[in-house]
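Since the structure comes first, as structure tokens, the remarks are kept for the end.
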Amino acid sequence: MQVNGEQVTLERPMSVADYLTEHGYRPERVAVELNGAIVPRGKREEAMLDDQAVMEIVQFVQGG
């Protein structure tokens, strides 16, 4: 699959929520687009990733 423009190999089937947790993202501080569609926070557990998935993760940062 592709994450933020880089090829990534999934070790096992997982949800978007699992991916975020396992890769150290703070779920409340990111927006996720999967295959061209925004994944609402409440749907991340059921949105499943596969080898053909394209995901973009945008982190919100404080400061100015």
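The values are calculated or read from the model by the stated rules, or taken from the named source; none is laboratory data. It should be emphasised that the depicted structure is a prediction, and the values quoted were computed from it without experimental measurement. Cβ placement follows ideal geometry from the backbone for every residue including glycine, while neighbour counts extend to all protein chains displayed. SASA here: full protein model, heavy atoms, side chains in, ligands and nucleic acids out. Shrake-Rupley method; radii C 1.70, N 1.55, O 1.52, S 1.80 Å.
Numbers below:
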| quantity | calculated |
| --- | --- |
| Subset of region 1-39 [assigned to a strand (DSSP E or B) and open to solvent by 100 Å² or more (accessible area, probe 1.4 Å)] | Glu6, Gln7, Ile38 |
| Qualifying residue in region 47-62 (condition: in a helix (DSSP H, G or I), within 11 Å of the chain's Cα centre (by Cα) and charged (D, E, K, R)) | no |
| Pairs with Cβ under 7 Å, 6+ apart, first in region 40-60 and open to solvent by 80 Å² or more (accessible area, probe 1.4 Å), second assigned to a strand (DSSP E or B) and polar (S, T, N, Q) | Glu45/Ser15; Glu46/Ser15; Met48/Ser15 |
